[in-house]
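The structure under discussion appears below in the form of structure tokens.
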Amino acid sequence: LRRAGADTVELKRILQDDIDAYVKRAELVKLAKMYNDRVAIVEYNDASDRKLAAQAADELLTISGVQASFVLYCEHDAINISARSLGEINVQLILEKLGGGGHFDTAGAQVHDKSMEEVSEELKSAISEVLGGK
């Protein structure tokens, strides 16, 4: 970025977060469990917000070996899922199986009338189905 003329100090200022958001995101990342050796899944039973979940999903991609991430969280009367990928795993295709959608590397879903455990199991099943033996 510096070679392209960007002010890296100004960029850091723009991307700064407040301490509460940073700590909450770190709490979500800490809950991650690996599935299928390259997918990180977070199940967060407390109410959360879309922005925080998306940021946590992005943050998980900075961990070595993680090619896709899924953050499940409660919002109102639904289990929401925020998914991200580095481009090797099609998270859109996975979340379409749960009624969601999006893009190859950024997707989301909202599941009503099911528990966190039920949604998590459906997600794992969809991941296994899409990835097969890969």
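The values are calculated or read from the model by the stated rules, or taken from the named source; none is laboratory data. All figures in this text were calculated on a predicted structure; none of them were measured in a lab. Methodologically, a virtual Cβ is constructed for each residue, glycine included, from the backbone with ideal geometry; neighbour enumeration extends over all protein chains shown. Accessible surface areas use protein heavy atoms only, side chains included; no ligands, DNA or RNA. Shrake-Rupley method; radii C 1.70, N 1.55, O 1.52, S 1.80 Å.
When residues in the range 113-122 are screened for being of a type in the set (S, T, N, Q) and either within 13 Å of the chain's Cα centre (by Cα) or part of a helix (DSSP H, G or I) (or both), 1 of them pass.
If you take the residues in the range 32-77 that are touching a residue at least 60 places away in the same chain (Cβ under 8 Å) and open to solvent by less than 30 Å² (accessible area, probe 1.4 Å), which one is nearest to residue 22 (Cα to Cα)? Lay out the reasoning, then the answer.
Of all residues in the range 32-77, those touching a residue at least 60 places away in the same chain (Cβ under 8 Å) come to 35-36, 39, 41, 43, 45.
Retained after the next criterion (residues that are open to solvent by less than 30 Å² (accessible area, probe 1.4 Å)): 39, 41.
Numbers: 39: 22, 41: 19 Å.
Here the residue is 41.
Taking first residues from the range 111-134 that are open to solvent by less than 30 Å² (accessible area, probe 1.4 Å) and partners that are assigned to a helix (DSSP H, G or I), the Cβ contacts under 6 Å between residues at least 6 apart in sequence or on separate chains come to 111/119; 126/94; 127/94.
Consider residue 3 carefully, then state whether it is of a type in the set (Lys, Arg), in contact with a helix residue (DSSP H, G or I) (Cβ under 9 Å, 6 or more places away or on another chain) and over 28 Å from residue 129 (Cα atoms). No, not satisfied. Looking at residue 52, is it at pLDDT 95 or above and within 11 Å of the chain's Cα centre (by Cα)? So residue 52 does not fit the description; no.
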